[in-house]
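> Structure incoming, see below.
The values are calculated or read from the model by the stated rules, or taken from the named source; none is laboratory data. In this text the structure is predicted, and so the values were computed from the model without any measurement. Please note: Cβ atoms are built from the backbone with ideal geometry, for glycine as well, and neighbour counts cover all protein chains shown. Each accessible area value is taken on the protein alone, full model and side chains, heavy atoms only, with ligands, DNA and RNA left out. Shrake-Rupley method; radii C 1.70, N 1.55, O 1.52, S 1.80 Å.
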Amino acid sequence: MPGLSLLALARREVPLPRGGRMEMMLAPVEDWPQAIATIAPDAVICTLGTTQAKAGREGLREVDCTLVLRVAETAQQAGARQFVHLSSVGADRHAKAHYLSVKGEAEEGLRKLGFARLDILRPGLLRGQREGERRVLEGIGQVMAPVADLFLHGSKRRYRSVRAQDAAAALLQAVRTPARGTFVHDYDAIQRLARGFAQARSA
């Protein structure tokens with residue numbers, strides 16, 4: 001899209017979807033501060049995350065909170081004005097569920113950094129093909145989600161599942177939105193952002 005140049009920072013090569021246009025820089029996590037300083041981004045989209053089953057309780061916190069905040073702090077020092085973070089519906093540092101508590105802790109830390117603009121997206125289950133590991137329960141959830149979504153109305157709409165491609169479009173549209181401040185996007189707001197991105201592409 002005109003005016004939007006994307007460069008991904010990752011630990012290992014990640015296959016891009018067909019038609020995807022994005023440069024990629026590969027570096028071990030310990031070298032990310034230098035990599036981010038070299039990139040000097042204007043805005044950062046952060047989709048870091050793991051699972052407790054894969055990484056354990058402390059490993060989950062290390063990735064979903066500590067690493068997220070480390071990236072954010074380094075990006076801010078490198079001149080980034082905006083940070084866009086993919087969190088989760090129900091994120092709350094006081095939540096009983098460890099996963100949601102860690103997500104909430106990360107959000108709280110991001111708010112304290114004082115970016116000119118901070119966007120926090122809180123989708124429900126993300127639907128889409130996953131590369132690499134297969135999660136049986138998540139796979140079942142993806143099959144059932146479109147039906148379950150039909151019963152989620154009112155305040156429960158925020159728990160509706162979101163297509164991964166819509167979440168990606170929403171993340172990109174957030175970067176293209178100039179207003180300053182902190183913005184939290186649940187299901188409906190994510191869909192509005194995704195539609196805005198689609199409209200901008202077709203214009």
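> Condition test on Ala95, is it under 29 Å from Ala145 (Cα atoms), in contact with a helix residue (DSSP H, G or I) (Cβ under 7 Å, 6 or more places away or on another chain) and assigned to a loop (DSSP other than H, G, I, E, B)?
yes
> With the checklist (1) at pLDDT below 95; (2) in a loop (DSSP other than H, G, I, E, B); (3) open to solvent by less than 60 Å² (accessible area, probe 1.4 Å) in hand, flag the one item Phe151 doesn't pass.
(3) is the only condition that Phe151 fails.
> Which of the residues belonging to region 98-115 are open to solvent by 30 Å² or more (accessible area, probe 1.4 Å) and either farther than 14 Å from Gly181 by Cβ or assigned to a loop (DSSP other than H, G, I, E, B) (or both)?
Tyr99, Leu100, Glu105, Glu108, Lys112, Gly114, listed by residue number.
> Looking at the structure I just gave you, is Ala91 open to solvent by less than 60 Å² (accessible area, probe 1.4 Å), modelled with pLDDT of 95 or more and farther than 21 Å from Ala174 by Cβ?
Here the answer is no, as Ala91 does not meet what is asked.
> Which residues, taken from region 50-90, are at positive phi and either assigned to a loop (DSSP other than H, G, I, E, B) or in contact with a helix residue (DSSP H, G or I) (Cβ under 8 Å, 6 or more places away or on another chain) (or both)?
Passing the criteria: Gly79, Gly90.
> For region 48-57, does any single residue satisfy the condition of being of a type in the set (D, E, K, R) and over 17 Å from the mean Cα position of the chain (by Cα)?
Yes - at least one qualifying residue is present in region 48-57.
> May I ask you to list the residues in region 66-86 that are open to solvent by less than 50 Å² (accessible area, probe 1.4 Å) and in contact with a strand residue (DSSP E or B) (Cβ under 8 Å, 6 or more places away or on another chain)?
Within region 66-86, Val68, Val71, Ala72, Ala75, Ala80, Gln82, Phe83, Val84, His85, Leu86 qualify.
> Next question. Give region 172-203 a look and list any residue that's assigned to a loop (DSSP other than H, G, I, E, B) and either among the β-branched types (Val, Ile, Thr) or touching a strand residue (DSSP E or B) at 6+ places or on another chain (Cβ under 6 Å) (or both), or say none.
Residues satisfying the conditions are Thr177, Arg180.
> Out of the residues in region 40-55 that are open to solvent by less than 50 Å² (accessible area, probe 1.4 Å) and at pLDDT 95 or above, which is farthest from Glu105 (Cα to Cα)?
Across region 40-55, the extreme among qualifying residues is Pro41.
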